[in-house]
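The values are calculated or read from the model by the stated rules, or taken from the named source; none is laboratory data. This structure is a prediction, so every number in the text was calculated from the model and none was measured. As a convention, Cβ positions derive from the backbone with ideal geometry for all residues, glycine included, and neighbour counts pool all protein chains shown. Each accessible area value is taken on the protein alone, full model and side chains, heavy atoms only, with ligands, DNA and RNA left out. Shrake-Rupley method; radii C 1.70, N 1.55, O 1.52, S 1.80 Å.
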Amino acid sequence: MLILLPPSETKRAGGTGLSLSAQALRFPELAAHRSALLDALTELAKTPEAMVSALKLGPKQRGEVDINGRLLDAPTMPALDRYTGVLFEALDSETLTPSQRAFADRHVVIHSALFGLVHALDPIPAYRLSQSSRIPGLSLKKHWRDSLRALLAERNDLIIDMRSEGYAELGAAPDRVGSYYVRVLTTGSDGRRRALNHFNKKAKGEFARAVICAERDFTDLDALVEWAAASGWRLERTEDEIALIV
């Protein structure tokens with residue numbers, strides 16, 4: 001089983017790990033793509049105003065320029081701990097047991113705009129780059145699309161894609177039985193299903209945590225749905241998607 005998560009724009013500062021190392025990141029076939037983006041970001045950081053404009057940073061975000069300028073020398077921490085957005089607050093990685101963290105490292109992959117796919121415990125520095133960022137002379141969609149799509153197409157296990165649509169466009173999961181995009185829905189007072197916006201991240205984080213804490217490697221959707229129902233979660237299959245009903 002592979003659980004695909006989006007990153008968050010907000011990230012925990014600092015870290016106790018050594019500086020970034022290509023050898024410490026899984027998916028070595030992405031090394032050249034990572035290196036090209038790292039070079040582009042660190043070079044852009046040499047011209048602060050250009051980076052502020054390219055990344056659309058507000059007045060209170062100018063410190064992100066310095067963070068990107070120190071990417072190669074900054075301390076690292078596990079990716080699962082680095083991100084601090086709504087999804088990751090709900091996942092609450094710091095309270096996972098060592099066994100659960102090891103399970104997450106085997107089965108959870110986070111899609112970073114800078115590093116591509118990284119496993120949960122891969123050590124990464126703080127950075128500023130999102131799927132909607134515009135780097136002069138470089139399209140993130142063109143940069144990542146084919147390599148990430150090919151990498152995911154090689155997987156033959158159950159894929160649970162909880163990424164946002166923006167990140168999914170940077171590297172689509174395979175269109176096959178056993179690969180499912182997760183959409184969070186709620187039922188309104190009129191009985192109609194509606195997609196959630198802000199709270200969909202919280203639901204995804206809580207569901208990802210539940211799967212991690214269960215430490216079960218589901219090999220097919222039926223097994224996952226059966227476990228979810230017994231655990232208080234409601235999953236419904238809709239063609240090539242899964243509806244997480246909250």
Mind checking which residues of region 58-115 are among the hydroxyl-bearing types (Ser, Thr, Tyr) and either part of a helix (DSSP H, G or I) or at positive phi (or both)?
93, 95, 99
Residue list for region 21-48, restricted to those being of a type in the set (A, V, I, L, M), in contact with a helix residue (DSSP H, G or I) (Cβ under 9 Å, 6 or more places away or on another chain) and touching a residue at least 12 places away in the same chain (Cβ under 8 Å)
22, 25, 30, 36, 37, 41, 44, 45
Which ones in region 129-167 are assigned to a helix (DSSP H, G or I), among the aliphatic types (A, V, I, L, M) and open to solvent by less than 20 Å² (accessible area, probe 1.4 Å)?
140, 148, 151, 152
Residues of region 27-63 being surrounded by fewer than 16 Cβ atoms within 10 Å (Cβ to Cβ) and either closer than 21 Å to residue 151 by Cα or small (Gly, Ala, Ser) (or both), which ones?
28, 29, 31, 32, 35, 36, 50, 53, 58, 63
Here's a check for you: in region 12-26, which residue that is in contact with a Pro (Cβ under 9 Å, 6 or more places away or on another chain) and over 27 Å from residue 153 (Cα atoms) is surrounded by the most Cβ atoms within 10 Å (Cβ to Cβ)?
20
Consider residue 118 against the criteria (1) closer than 18 Å to residue 37 by Cα; (2) surrounded by fewer than 20 Cβ atoms within 10 Å (Cβ to Cβ); (3) of a type outside the set (Asp, Glu): it satisfies all of them except one. Which criterion is unmet?
(2)
Which of the residues spanning region 97-113 are more than 11 Å from the chain's Cα centre (by Cα) and open to solvent by less than 10 Å² (accessible area, probe 1.4 Å)?
103, 104
Of all residues in region 186-222, which are within 24 Å of the chain's Cα centre (by Cα) and free of Cβ contacts under 8 Å to residues at least 12 places away in the same chain?
194, 197, 216
Does any residue in region 89-107 that is farther than 20 Å from residue 12 by Cβ come within less than 7 Å, Cβ to Cβ, of a residue that is at pLDDT below 95 and of a type in the set (Val, Ile, Thr) six or more places away or on a different chain, and which pairs are these?
none
